[in-house]
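Bear in mind that the values in this text are calculations on the coordinates, not laboratory data. Predicted model only: the values in this text are computed from it and were never measured. Cβ coordinates were reconstructed from backbone atoms using ideal geometry, including for glycine residues, and neighbour counts include every protein chain displayed.
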Amino acid sequence: MAIRYIVADDLDGATTGVDTYQFSVDGVDYQIDLTDDNHQRLLAALAPFTAVARRAPKNGKAQARRGNATKPRGATSADVRAWWSQHWQSHSLPEPRSHGIVPAQVRKATTPPRPPAQTDQTAARPPLAGPRVQGRPCR
């Protein structure tokens with residue numbers, strides 16, 4: 001038994017000549033099913049903005065992830081397990097094991113405390129003075 005999917009235009013409900021299009025606004029990705037006529041209407045509505053906009057790099061997200069993947073994020077599991085096997089009784093932790101997931105309470109016990117947050121944010125941050133485009137601040 002075959003299953004047939006019918007894709008309908010999200011604006012007018014037409015079912016012939018419908019394609020799915022993707023776009024992003026304010027960092028949110030959207031998909032919309034449109035006929036060619038409604039797709040042209042969408043492009044015409046966006047034309048004044050896309051004419052003056054910059055294209056974002058295609059692999060911007062992948063580069064950010066790849067750059068962070070090589071940096072250590074904290075103690076390795078072997079380091080945590082070594083500390084755990086020596087200090088589990090004095091810190092009221094579960095009995096250590098040589099494999100499996102290290103419990104969150106053990107990881108928390110091995111993580112150094114963070115410095116206290118600054119309460120006066122205005123003193124920690126210089127005044128905003130960024131690049132300007134045609135006399136207006138960039139956002």
**Study point:** FRET efficiency for residue 49 and residue 11, using Cβ-Cβ distance with R0 set to 25 Å, rounded to 0.05
**Key:** 0.80
**Study point:** Neighbour-count order for 21, 30, 5, fewest beta carbons within 10 angstrom listed first
**Key:** 5, 30, 21
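Sum up the charges of everything whose Cβ sits under 9 Å from the Cβ of residue 19, counting Lys and Arg as +1 and Asp and Glu as -1, but leave residue 19 out.
Values: positive: none; negative: 33, 36.
That sum, taken over residues with Cβ under 9 Å, equals -2.
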Check your understanding: Label-point separation (nm) for residue 89 and residue 23, each offset 7 Å from Cα along Cα-to-Cβ?
Key -> 6.8
